[in-house]
Each structure stands twice: as C-alpha cells, then as structure tokens.
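Here the structure comes first, spelled out in structure tokens, and everything after it is commentary.
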Amino acid sequence: MSLRITLIMFACIGWITGCTGGDPVASDSESLPAEPREIAPLSNAWPFKDAENLSVITLTRIVDGSRPILYVVHDGDGDWQFLDGGEISESDAAIVSLKYVTELDPTVRSLADLPLGWAAERNSDEAPWERFPR
C-alpha cells in the first residue's frame with residue numbers, strides 16, 4: 001500500500017474514532033450540532049457560461065478607470081461589449097478578458113444570464129441594471 005493511501009486511511013480512521021482510539025461511533029453527543037448546518041454557496045463561483053478568458057470588447061477609458069461600465073450588450077453571436085454609454089470610435093476600443101471586466105466592476109456578474117441579443121443599462125455605477133431586448 002502506498003504511503004498516501006495509508007495516510008488517508010489513518011486520517012479517516014482517526015476522524016471516525018475521534019482520535020481517541022475508542023469506538024468508531026461518536027460518543028460525545030453534546031459536541032454534535034442539534035440540526036445540520038446549511039452551507040452557504042460560494043459567492044465567488046464563476047457565474048458566466050462563457051470562459052473566464054473569453055475576449056470581450058470594452059473601452060480604454062473603462063480600463064483606465066476614468067469611466068464606469070453603464071451599458072452592456074450580449075450580441076446575438078455571443079460576443080459581449082462593456083461600454084460607458086457615450087460616443088465611441090474604433091480607437092477607443094480595448095479587448096480584455098471577461099474575467100478582467102468582472103474584476104473592474106463586479107456588478108456585471110449579475111448580468112451573466114443576459115440572453116443573446118439583449119442589453120442592460122444603468123444611469124450610474126450605483127444604479128441597478130435595467131435589461132431589455134435589442
């Protein structure tokens with residue numbers, strides 16, 4: 001038997017017996033919770049169906065922090081655009097990963113289920129997102 005399997009078996013046996021060498025059934029019922037605890041879901045789980053490294057379109061002024069994301073588009077072909085609602089030109093465009101955008105503005109995680117061909121908009125970075133078909 002390998003050392004790894006032996007250590008795992010020893011750890012399991014120690015856990016079952018409470019490392020006391022006694023009965024394999026817990027005899028210290030006072031230390032057990034009266035009811036099972038509910039485990040909260042991980043809040044940092046990736047919410048998008050798309051990969052974290054998916055290339056998305058945004059603006060240099062969003063990347064440099066001078067403007068917030070106020071307008072999000074999930075194109076019919078699956079592309080994402082994270083914009084500020086202002087006038088744009090090609091020279092303003094920046095390509096970053098979807099994960100990077102969620103790090104710039106964690107509220108866009110709430111738009112992970114935005115259907116293809118839909119957009120979301122808000123008036124300020126503190127306002128709620130309003131969704132609508134394009």
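The values are calculated or read from the model by the stated rules, or taken from the named source; none is laboratory data. Just so it is clear, the model here is predicted, and its values are computed rather than measured. Don't worry about glycine lacking a Cβ; one is built from the backbone with ideal geometry, like all the others, and counts go over all protein chains shown.
A few remarks follow.
- Residue ID - modelled with the highest pLDDT, chosen from residues in the stretch 28-52 that are among the charged types (D, E, K, R) and farther than 27 Å from D105 by Cα: E35
- Close Cβ contacts (under 9 Å, 6 or more residues apart or on different chains) running from residues in the stretch 62-86 that are among the hydroxyl-bearing types (S, T, Y) to residues that are part of a strand (DSSP E or B) comprise Y71/Q81; Y71/F82; Y71/L83; Y71/A119; Y71/A120; Y71/E121.
- Any hit, the stretch 111-129, residues being touching a helix residue (DSSP H, G or I) at 6+ places or on another chain (Cβ under 6 Å), touching a residue at least 40 places away in the same chain (Cβ under 8 Å) and within 15 Å of V56 (Cα to Cα): no
- Looking at S110, S91, S55, S97, just one residue is at pLDDT 95 or above, over 16 Å from W129 (Cβ atoms), out of contact with any strand residue (DSSP E or B) (no Cβ under 8 Å at 6 or more places or on another chain) and not β-branched (V, I, T), and that residue is S91.
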